Amino acid sequence: MSKPTWTNPVVRWIDYRLPVFTFANEQLIEYPTPKNLNYWWNFGSLAGIVLVIMIATGIFLAMHYTPHVSLAFASVERIMRDVNYGWLIRYIHMNGASFFFICVYIHLFRGLYYGSYKSPRELLWIIGVLIILTMMATAFMGYVLPWGQMSFWGATVITNLFSAIPVVGQSIVSWLWGGFSVDNPTLNRFFSLHYLLPFIIFALVFLHLWALHAHHSSNPVGIDMKGPQDSIPFHPYYTVKDAFGLGVLMLVLLGFVFFAPNFFGEPDNYIEANPLVTPTHIVPEWYLLPFYAILRAIPNKLLGVIAMFGSILILVLVPWLDTSRVRSARFRPVYRVFFWVFLLDCIVLGYVGANPPEGYFITVGQLATFWYFFHFVIVLPLVGWLERPRPLPDSISASVMAGKGKEAGHA
Amino acid sequence: MHKALLAALLAVAFFVPQSSSRAAEGPALPAQAWSFKGAFGTYDRAAVRRGLQVYREVCAACHSLNLVAFRHLGDVGFQEAEIKAVAEAYKVKDGPDDAGDMFERAGRPSDYFPAPFANTKAARASNGGALPPDLSLMTKARKQGPDYVYALLTGFKAPPAGFSLMAGMNYNEHFPGRQIAMAPPLAEGALTFADGTQSSVSQMARDVTTFLSWTAEPEMEARKRLGVKVLLFLLVLTGLLYALKRAIWQKLH
Ligand code: HEM
């Protein structure tokens, strides 16, 4: 890569000692990126921006929030009513959490569709899975902080899961609680951890990007860049594309913030926590519903907990479970069908998770849970072995040329 | 094609679970034509005033409004003198004074609406064991909140034949379980509105619900006003960014 000569003497002075400008130039400006990325590739950077928004709004919320069981609920309402633009900060943080998951889930399914997890991007993918896990923990603990009915009862149900662990389960639960029920010590530690974990996510995103930049982005046809004709510099092409994507995301996110701020929420969380009154339906936030459904699909508590955590951790193995050498589902007619079935399966799980475990929801939940694991353990390896992929284009630029008419309709 | 399909599926994934999690309790809530509905909705000022009167003269006997201070009334068109007058009508406990004693004084705009009972035990003792919940956030704390509160207040009926009503309970088809410990609080012509409006049950229910919607979401008007501006700005900005993106990418092909 051409090393730029900096004309500004101050920049030159700094860059000689600490080459931040050279680094930024290489990684953000000249950084070669496949020329054929579609809009599904926007969601990684969007997720990153939402993370920054979450940290920024969170820090301002923490300035006014009080982590005490008898004050937390009222302090949040103080933010809503008396802090200047407190309602805006809180609603952005609340809805931002949902949009963080929307971005990351789309990002993840993008990876599954285009085989982004295949060599040499396995570690990149695994770091992504760690990011999702940490996000879930962060969001779960954040939801406890306003100390509404769902906060309290959600925390009680989820922490109680650990009691399924043989022998030491109950001790672990007491240790998590800092007492004999979800109470003030629990709220305090959840606040502390909710403040900490986003910075861990930040560090993980840094590693994620480091791994990404080692081998660069994959792309919709899933073949490697073979030369300068396949790539374009990140700036201005992808900076402007990402900026446009950000505009669209902001329109939707702020549309909810200003006009339907409680759309993703549960009314019960505007009732202050009361250990003596159990809500009729305890449901987690929407982004955890599929996993909640898997938990409840299995009659044995311990196995349910294992299945729930397993359903996320199994993603770590995907680079090895998928035995196909072709990355992109575009050239994998059979896998493509299973991809859509799997997406549908996750949606069904979410739907089941939102409903009480009664009647046919039980059967549907169990079938969907079965399919979830079947997809990874059986479908992925078998389809990889048995499927005959369609011929791959010779290069990215060849596919862009050939696709001029056809691709427009396809993607 | 795939994009559209995926988008549709995701939309289903995100939005269906929300709407389905409400367990069907009683008949569907009729949607009322609230002044504060929609992107440009505002609180009908006259209704808020009448609603405050309904709260003070009826509901306040049992229900607290802990999150609302008198000064907040300034957000819905009350003048400073009016706020002072509302506040002064209340006795507020303050202290300790220099001698170490608690004392009572007239309310000030910075005070919060005093609760009718000293604590939840006292509240229960006066209500046959049932707790009248705080109303500050009521319309936010129920699905379809405003429609629900209105339906509840106007939904008291004689129980159908064969329905076994427990002692001290009242039949109301909109309350989960259909029996509620609150007696029908509103009676035809129970109070005299300063603006001459007839105090029918539905009128009072409508007004107090408007008032409670304001107490639950006092920021709503400011939120929507700012929202319209922000979204218009973003729409133009995003349109320009799209044009810029097209222009820059044009050079490629
Ligand atoms: C905080 C959450 C996350 C952030 C901020 C983030 C950020 C990014 C960014 C900026 C990119 C490059 C742009 C793109 O390809 O879209 C990327 C690529 C990637 N991410 Fe993430 N990511 C997150 C979570 C995840 C998760 C949960 C996974 C999967 C489990 C994942 C898997 C990947 C993969 C495989 C790539 C390379 C994709 C390719 O080039 O084809 N990421 N990430």
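The values are calculated or read from the model by the stated rules, or taken from the named source; none is laboratory data. Treat the numbers as computed from the prediction; the structure is a model and nothing was measured. Positions of Cβ are generated from backbone atoms using ideal geometry, with glycine treated the same way; all protein chains shown enter the neighbour counts. Please note that ligands, DNA and RNA were not included when accessible areas were found on the heavy atoms of the full protein model with its side chains. Shrake-Rupley method; radii C 1.70, N 1.55, O 1.52, S 1.80 Å.
Worth a mention:
- Any hit, segment A:139-150, residues being more than 24 Å from the chain's Cα centre (by Cα) and either within 13 Å of the ligand (Cβ to nearest atom) or in a helix (DSSP H, G or I) (or both): yes
- Index of the failed condition, A:Val400 passing every other in (1) modelled with pLDDT under 95; (2) away from chain B (no Cβ under 14 Å); (3) part of a helix (DSSP H, G or I): (2)
- Within segment A:369-397, being of a type in the set (A, V, I, L, M, F, W, C) and within 14 Å of chain B (Cβ to nearest Cβ) holds for one residue alone: A:Ile396.
- Within segment B:168-195, the set of residues being closer than 26 Å to A:Pro279 by Cβ, free of Cβ contacts under 8 Å to residues at least 60 places away in the same chain and aliphatic (A, V, I, L, M) comprises B:Met169, B:Ile180, B:Ala181, B:Ala183.
- Close pairs from segment A:19-39: first free of Cβ contacts under 8 Å to residues at least 40 places away in the same chain, partner of a type in the set (A, V, I, L, M), Cβ under 8 Å, at least 6 apart: A:Val20/A:Ile14; A:Phe21/A:Val11; A:Phe21/A:Ile14; A:Glu26/A:Met1
- B:Pro114 being within 13 Å of chain A (Cβ to nearest Cβ), closer than 25 Å to A:Ala74 by Cα and open to solvent by less than 50 Å² (accessible area, probe 1.4 Å): no
- Top-ranked residue of segment A:277-304 - restricted to ones that are of a type in the set (Val, Ile, Thr) and more than 16 Å from A:Phe140 (Cα to Cα), ranked as farthest from the chain's Cα centre (by Cα): A:Val277
- Sole exception among (1) open to solvent by 60 Å² or more (accessible area, probe 1.4 Å); (2) within 14 Å of another protein chain (Cβ to nearest Cβ); (3) farther than 23 Å from A:Pro319 by Cα; (4) in a helix (DSSP H, G or I) for A:Gln366, by number: (2)
- Residue identified as in a helix (DSSP H, G or I), in contact with a Cys (Cβ under 9 Å, 6 or more places away or on another chain) and either open to solvent by 30 Å² or more (accessible area, probe 1.4 Å) or more than 16 Å from the ligand (Cβ to nearest atom) (or both) among A:Phe73, A:Phe43: A:Phe43
- Test result for A:Leu61, surrounded by fewer than 18 Cβ atoms within 10 Å (Cβ to Cβ) and more than 9 Å from the ligand (Cβ to nearest atom): no
- B:Pro160 without any contact (Cβ under 8 Å) to a residue 60 or more places away in the chain, under 20 Å from the mean Cα position of the chain (by Cα) and away from every other protein chain (no Cβ under 14 Å): no
- Checked against (1) within 25 Å of A:Gly265 (Cβ to Cβ); (2) in contact (Cβ under 8 Å) with a residue 40 or more places away in the chain; (3) buried (at least 16 other Cβ atoms within 10 Å of the Cβ), B:Arg142 passes all but condition (2).
- Here the condition is being within 16 Å of the ligand (Cβ to nearest atom) and farther than 22 Å from A:Asn274 by Cα; of A:Leu133, A:Leu193, it holds for A:Leu133 alone.
- Qualifying residue in segment A:227-239 (condition: out of contact with any helix residue (DSSP H, G or I) (no Cβ under 7 Å at 6 or more places or on another chain) and more than 14 Å from chain B (Cβ to nearest Cβ)): yes
- Consider segment A:76-94 and keep the residues that are among the charged types (D, E, K, R) and part of a helix (DSSP H, G or I). The one that is most open to solvent (accessible area, probe 1.4 Å) is A:Arg78.
- The combined condition, being surrounded by fewer than 19 Cβ atoms within 10 Å (Cβ to Cβ), hydrophobic (A, V, I, L, M, F, W, C) and within 16 Å of the ligand (Cβ to nearest atom), is fulfilled by A:Val52.
- Consider segment A:110-124 and keep the residues that are among the hydrophobic types (A, V, I, L, M, F, W, C) and either more than 9 Å from the ligand (Cβ to nearest atom) or crowded, with 22+ Cβ neighbours inside 10 Å (or both). The one that is farthest from the other protein chains (Cβ to nearest Cβ) is A:Leu123.
- In the set (1) within 14 Å of another protein chain (Cβ to nearest Cβ); (2) open to solvent by less than 50 Å² (accessible area, probe 1.4 Å); (3) among the aromatic types (Phe, Trp, Tyr), the condition left unmet by B:Phe211 is number (1).
- The number of residues in segment B:227-245 being within 7 Å of another protein chain (Cβ to nearest Cβ) and open to solvent by 70 Å² or more (accessible area, probe 1.4 Å) comes to 3.
- Cβ-Cβ contacts under 8 Å between residues 6 or more apart (or on different chains), taken from a first residue in segment A:246-265 that is β-branched (Val, Ile, Thr) to a second residue that is outside any loop (DSSP other than H, G, I, E, B), are listed as A:Val248/B:Thr238; A:Val252/A:Phe99; A:Val257/A:Leu88; A:Val257/A:Tyr91; A:Val257/A:Ile92; A:Val257/A:Asn95; A:Val257/B:Gly227.
- The residue of segment A:25-40 that is farthest from the ligand (Cβ to nearest atom), among those that are open to solvent by 50 Å² or more (accessible area, probe 1.4 Å) and out of contact with any strand residue (DSSP E or B) (no Cβ under 9 Å at 6 or more places or on another chain), is A:Glu26.
- Total residues in segment A:163-196, condition surrounded by fewer than 17 Cβ atoms within 10 Å (Cβ to Cβ) and aromatic (Phe, Trp, Tyr): 2
- Some residue of segment A:79-92 being within 14 Å of another protein chain (Cβ to nearest Cβ), under 19 Å from the mean Cα position of the chain (by Cα) and more than 16 Å from the ligand (Cβ to nearest atom): yes
- Failed criterion for A:Val221 (all others in (1) within 16 Å of the ligand (Cβ to nearest atom); (2) part of a helix (DSSP H, G or I); (3) touching a Phe, Trp or Tyr at 6+ places or on another chain (Cβ under 9 Å) hold): (2)
- The residue that is nearest to A:Ser119 (Cα to Cα), counting only those in segment A:218-248 that are surrounded by fewer than 21 Cβ atoms within 10 Å (Cβ to Cβ) and of a type in the set (S, T, N, Q), is A:Gln229.
- Hits in segment A:219-247 - residues which are touching a strand residue (DSSP E or B) at 6+ places or on another chain (Cβ under 9 Å) and not charged (D, E, K, R): A:Asn219, A:Pro220, A:Val221, A:Met225, A:Pro228, A:Ser231, A:Ile232, A:Pro233, A:Phe234, A:Tyr237, A:Tyr238
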